[in-house]
1. For residue 46 and residue 111, what is the calculated FRET efficiency with R₀ set at 25 Å and r taken between the beta-carbons, to the nearest 0.05?
2. So between residue 32 and residue 87, what do we pick up on full extension, going 0.36 nm a residue minus the alpha carbon distance?
3. Can you give the percent of C-alpha pairs in the range 13-80 whose distance is more than 14 Å?
4. What translational diffusion coefficient, to the nearest whole µm²/s, does the range 65-123 have by Stokes-Einstein, given a Kirkwood radius computed over alpha-carbon pairs, a temperature of 20 °C and 1.002 mPa s viscosity?
C-alpha cells in the first residue's frame, strides 16, 4: 500500500512538472508571437492601437492554448503572467508612441511659429505673404497623425485676427517724457564711451 501511494505521488509530481514546463514553453512562445505580430507602425491613435493590440493578443492566446497542457495551477499561473505581459507591453508602447507624437507635434508647431513670426515681422508684411507660408506648416497634422498628436491650430481664416504685425518704431526722450541728463551724469558716463 505504501508503494502504491509513493508511486501515485511520484506520478502526480511528474505530471505537475511536465504541466509547468509545457505551460512555461507555451508562455514563452505566446510572448514571442505577440511581440512579432503587434504592429508598432500603428499611428498614435487610441482606437487603432487597441485594435492592433487585440489582434496580437488573440493570436498569442490561441498559440498559448494550443501549447499549454493541463487545467491546474500551473496553467492558471502562466495565463495570469501572460495577461500581465500583454498589459505592460501595450502600455509601454502606448506611452512611448504618445511621447514621440507629442515631441513631433511640438517641433512642428515651433517650426511653423518661427516661419510665421518671420513672415509677420518682415518689412513688407502682408497677409498674403504670411498665408503663403501656412500650408507647409499644416502638414504636421498628417505626418504626426492620430488623436493624441492634435494641438490647437490657427487656420487660414484666423490669420487676419490672430497674428499682429509688429511695427518698428524709434523711442525718443520726448516720447518717454524724460528730462535731459545733468552735466555731472554726462561727465561720469562719458569716459566709458
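Bear in mind these aren't lab numbers, they're just calculated from the coordinates by the rules spelled out. Computed from a predicted structure; not experimentally measured. Cβ coordinates were reconstructed from backbone atoms using ideal geometry, including for glycine residues, and neighbour counts include every protein chain displayed.
1. The computed FRET efficiency comes out at 0.45.
2. The residue 32-residue 87 span can extend by a further 18.3 nm.
3. Of the Cα pairs, 58 percent sit more than 14 Å apart.
4. Taking Rh from Cα pairs, D becomes 137 µm²/s.
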